[in-house]
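Peer 1: If you scroll down you'll find the structure; I have some questions about it.
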Amino acid sequence: MNQSTLSTVLTTSDHLPVASQSKPSPQTYLDKRVTKSQRGTKRTRSQRARERLQTKEHLVGLARELHEGELADKLDRCHSRLSVLTCGRHIARIIPNFTCEFRLCPDCGRRRSRKLQTKYLPLMKAFMLHNKVTPVHLVLTQTHRKESRKESVARVRNSFTKLTRRSFWKQYFKGGTWSLESAKDKNGLHHTHLHIIGFRRKFFDIELLRDEWLAVTGDSHVLHLKPILDLAAGLQEVVKYVSKPLDIRRFGAADLKEFLGLKNMRMFGTFGEFRDFCKGFEPSDDDAMSELESLSRDLVEGCACPQCNAPLFDLRLSKSELPQFYEQIESSPPGKVRRSSH
Ligand SMILES: [Zn+2]
Ligand SMILES: [Zn+2]
């Protein structure tokens, strides 16, 4: 990749059709966006696999447009052939032929966010127990301005750093994690916000936090806060932006070019006392594997499926066949094992 020669280009055009709607007040509009991004939609595994495939094809097309041949080839090869260890109804393990490790690759991003989950979940539990704090999911947004993605990201992160230095924040929060989500609004302006898992010492008035956020940003007071009842689900919700930090399917070539010009844009981090707490815990790759993953690592053809005991067989699929295979699994009645002809 020839990243150094690429300049950061700001695109202000947005070619997508905008749903016609009566224009709500700016605050309502932003609050809705926040809620919408938090809620997410529940899709089946086959739908998600199909979306990943489309996202990758889109990225490959953009890379070719930019004459980034090496990147296009890498993305095209990543997860293009898969060895799927399956009983016909469950998938015990998927081994890809190649992983590209490109930061916007949806397949590689998924693996990264799974790693973060397995690393941080036990740390969070230990931290909560040790400090008697409760987790909340906080979304901090900022006003949309005509600026580059880099500027937009720097602005929200700087504001957050300022916030964490204020006495109000220190009084109520003991640390946590942040991840970045970046989209564009209908005017093509960057809509960058932070998803924070904050470990709260005690309850506070949300209006006070709003005032604090306004004080550090100068013009933004829109935030959203909800308690996290299920830590694993809360963490999963936040780290999913590590695998999907940007609205890639709405990307144009100029957006990809801009992204390639941003080196080392961090998508996830820790802060406050939680950051120090994590420092002593750099897990090895083995530690970062979930129990199921380390269990399935030793599985080979002929072993019993961990979920139903039926014998596992090795199915070779191309990338476009994986969504179809998920569909077949989703539509097969429980108890019935289908053996593929592959
Ligand atoms: Zn990849
Ligand atoms: Zn099974």
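The values are calculated or read from the model by the stated rules, or taken from the named source; none is laboratory data. Predicted model, so just to flag it, every value in this text is computed and none were measured. With ideal geometry, Cβ positions are generated from the backbone for all residues, glycine too; neighbour counts draw on all protein chains shown. Just so you know, the surface numbers come from the protein's heavy atoms only, side chains and all, with ligands and any DNA or RNA stripped out. Shrake-Rupley method; radii C 1.70, N 1.55, O 1.52, S 1.80 Å.
Peer 1: Being within 16 Å of ligand 2 (Cβ to nearest atom) and not in a loop (DSSP other than H, G, I, E, B) is the filter here, so list the residues in the range 89-107 that pass it.
Peer 2: 91, 92, 93, 94 - these are the residues of the range 89-107 that are within 16 Å of ligand 2 (Cβ to nearest atom) and not in a loop (DSSP other than H, G, I, E, B).
Peer 1: Please go through the range 239-256 and give me each residue that is out of contact with any strand residue (DSSP E or B) (no Cβ under 9 Å at 6 or more places or on another chain) and surrounded by fewer than 19 Cβ atoms within 10 Å (Cβ to Cβ), ordered by number.
Peer 2: Listed by number, the residues that qualify are 249, 252, 253, 254.
Peer 1: Take the range 205-247 and flag every residue that is touching a His at 6+ places or on another chain (Cβ under 7 Å) and closer than 30 Å to residue 72 by Cβ.
Peer 2: Answer for the range 205-247, where residues must be touching a His at 6+ places or on another chain (Cβ under 7 Å) and closer than 30 Å to residue 72 by Cβ: just 241.
Peer 1: Moving on. Filter the range 138-161 down to residues that are aliphatic (A, V, I, L, M) and closer than 15 Å to residue 173 by Cβ and give me whichever is surrounded by the fewest Cβ atoms within 10 Å (Cβ to Cβ).
Peer 2: Looking at the filtered set, the residue picked out is 139.
Peer 1: Could you tell me how many of the residues in the range 294-323 are open to solvent by 70 Å² or more (accessible area, probe 1.4 Å) and either at pLDDT below 95 or within 15 Å of ligand 2 (Cβ to nearest atom) (or both)?
Peer 2: 8
Peer 1: Hey, another quick one. Taking into account only those residues within the range 85-103 that are open to solvent by 20 Å² or more (accessible area, probe 1.4 Å) and more than 25 Å from residue 301 (Cα to Cα), which is modelled with the lowest pLDDT?
Peer 2: Ranking the candidates gives 103 first.
Peer 1: Could you tell me which of the residues 135, 106 is buried (at least 19 other Cβ atoms within 10 Å of the Cβ) and either of a type in the set (Phe, Trp, Tyr) or away from ligand 1 (no atom under 14 Å from the Cβ) (or both)?
Peer 2: 135
Peer 1: Do we have residue 232 as more than 16 Å from ligand 1 (Cβ to nearest atom), open to solvent by 40 Å² or more (accessible area, probe 1.4 Å), at pLDDT 85 or above and under 18 Å from the mean Cα position of the chain (by Cα) here?
Peer 2: Criteria met by residue 232.
Peer 1: Before we move on, is residue 64 within 16 Å of ligand 2 (Cβ to nearest atom), among the charged types (D, E, K, R), more than 18 Å from the chain's Cα centre (by Cα) and open to solvent by 10 Å² or more (accessible area, probe 1.4 Å)?
Peer 2: No.
Peer 1: Also, quick follow-up: Conditions first: (1) surrounded by fewer than 17 Cβ atoms within 10 Å (Cβ to Cβ); (2) part of a helix (DSSP H, G or I); (3) of a type outside the set (Phe, Trp, Tyr); (4) within 16 Å of ligand 1 (Cβ to nearest atom). Residue 126 passes all but one, so which condition is the exception?
Peer 2: If we test residue 126 against (1) surrounded by fewer than 17 Cβ atoms within 10 Å (Cβ to Cβ); (2) part of a helix (DSSP H, G or I); (3) of a type outside the set (Phe, Trp, Tyr); (4) within 16 Å of ligand 1 (Cβ to nearest atom), just (4) comes out false.
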